[in-house]
1. Once the piece of chain linking SER99 and THR444 is laid out straight, how much longer is it, given 0.36 nm per residue of separation minus the C-alpha distance between them?
2. Rounded to the nearest 0.05, what FRET efficiency do LEU172 and GLU336 give with R0 = 45 Å and r taken as the Cβ-Cβ distance? Could you check?
3. If you add up the charges near ALA226, with Lys and Arg at +1 and Asp and Glu at -1, over every other residue whose beta carbon is less than 13 angstrom from its beta carbon, what do you get?
4. Enumerate the lysines that LYS419 could reach by cross-link, defined here as Cα to Cα under 27 Å, with residues fewer than 8 away along the same chain left out.
5. Can you give the net charge of the other residues whose Cβ lies under 11 Å from the Cβ of VAL311, counting K and R as +1 and D and E as -1?
6. May I have the pair-distance distribution P(r) for the chain, computed from all Cα-Cα distances with 20 Å bins from 0 and rounded to whole percent?
7. Taking amide H positions as placed 1.01 Å from N in the peptide plane, with prolines and chain starts having none, which residues 5 or more places from TRP344, or on another chain, fall under 5 Å of its amide H?
8. Calculate the spin-label point distance for ALA226 paired with ASP271, positioning each point 7 Å from the Cα along the beta-carbon direction, and give it in nanometres.
Amino acid sequence: MAAGQEQRRRRVVLFPLPFQGHVTPMLQLAALLHGRGLAVTVLHTCFNAPDPRRHPELTFVPIHETTLPDEVTSAADIVTQLLALNAACEAPFRDALASLLRRGHHQVADDDDDDVACAVVDGQCYAALRAARQLGVPALALRTDSAATFLCMLAYPRLRDAGFVPIKEERLDDLVPGLEPLRARDLIRVDGSDTAALCGYIARVADAVRGSASGVVVNTFEAIEALALAKIRGDLSRPAFAVGPLHLLSPAPAAQGLLRAPDRGCLAWLDARAPRSVLYVSLGSVARVARATFEEMAWGLAGSGAPFLWVVRPGLVAGDGEEAPPLPDGFAEATEGRGKVVAWAPQREVLAHRAVGAFWTHCGWNSTLESVGEGVPMLAQPCFADQTVNARYVTHEWGVGMEVGEEVERGRVAEAVAKLMAGEDGARMRDKARSLQIQASAATSSSMDGLVRFMLSRRNANV
Ligand code: UDX
């Protein structure tokens, strides 16, 4: 029997969290696994379900989660959302996985002789990791954030015991032992969620990986995070596969329209701009800012004089629900002819466009990797969660960006934009961004080969 046929018999079950920044890398991983001869079933929530028509090579099975509590769909803080989501998914995920194991896939796939080799579940979904383990299915945790962020999560109990967390005002600039170059101010934080809740959540994630995962899969590459990856491997004493940047290595079509269709008209608008003249501005799919911050952003853009493409997502302004926030009076007139505002952009194509010179970003990990992959320097405005960690690496470790400042203020924004787009600092960051781009494009799929070998060597306890 040919090696390919042999592999075709093994099935991997994936379970993404239903958010843009999580579904995208999981489907990118799915395409890579399928390309290496594995059969792939994606279990998914009905909430924010991916579109199976875009991935005909994969099998999609909804878990039919119990109605999600308001905490998940509302503007609650992310910790409350993740706790509620884990609770709502645990039993339905276990039932769906158990059903796949029982049926041996006769009813869900054409190939009737495959068995489940292992599961890959989103690393934030501790409930699914535990459930897979209970069913005897070897499970890997996919980290859709950086190795540095995951290391930070593993270190949280130690930092709390050492009195480093909750973070004290007078220690904000202290380097965190074992996590350098992070300072206390760069540690994972979630505004509106108390430290106990955040620590409790992080402990569940870390415990699930330590107790229930056979290893971790991280969307990163050795050249930028070798040290953090080595520390993770040392801490967990199990494999950590650095399989990224997934968006560069994977043939998966961009799942950018999970929440809304991208406005492709902005690409034609970019076509008419000079090379590297446009600042692309987007704070991702989840972050919300205060109205005052939104207005400072707007007037900072107006004052910078730079052409810009700004993603003003419905729901971007806290307190507006899912409404599109109105732009400040007079803003359209003040920026006429040099600004374009869209509700959602085809971000990867935008960053690859020759007219884009810099990216004002919240430093979500996907956005950070996408910017690195195109050699675009960044203006960092981290909002919550892992974004402060990523921003520290962008600005301090890799030198490919600068912070917009703790308080977003129009004068400082205009100054920072001018520096980045046209100043000497900006030119230096652009050069570094280009070298990082070269390293990113040299990232190979050897780690993916190792991952597939590891998966094929697994036997679940049910076969
Ligand atoms: C969230 C967290 O904010 C982030 O810190 C964590 O690392 C992943 O989960 P999100 O806010 O969605 O992610 O940011 P990010 O990780 O950057 O992902 C956003 C994705 O949406 C990117 O793949 C980006 O290309 C896409 N996007 C964003 C668009 O396609 N169009 C847009 O207009 C904006």
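A short reminder: the numbers here are calculations on the coordinates, not readings from a lab. Values in this document were obtained by computation on a predicted structure and should not be read as measured data. FYI the Cβ positions are ideal-geometry reconstructions off the backbone, even for glycines, and counts take in every protein chain you see.
1. 120.6 nm
2. E(calc), rounded to 0.05, equals 0.65.
3. Working: positive: LYS231, ARG233; negative: GLU222, GLU225, GLU397.
Result for the neighbourhood of ALA226: -1.
4. Qualifying lysines at Cα under 27 Å: LYS340, LYS432.
5. Numbers: positive: ARG260, ARG313, LYS340; negative: ASP263.
That sum, taken over residues with Cβ under 11 Å, equals +2.
6. 25, 57, 17, 0
7. For TRP344, the qualifying residues are ASP263.
8. 4.3 nm
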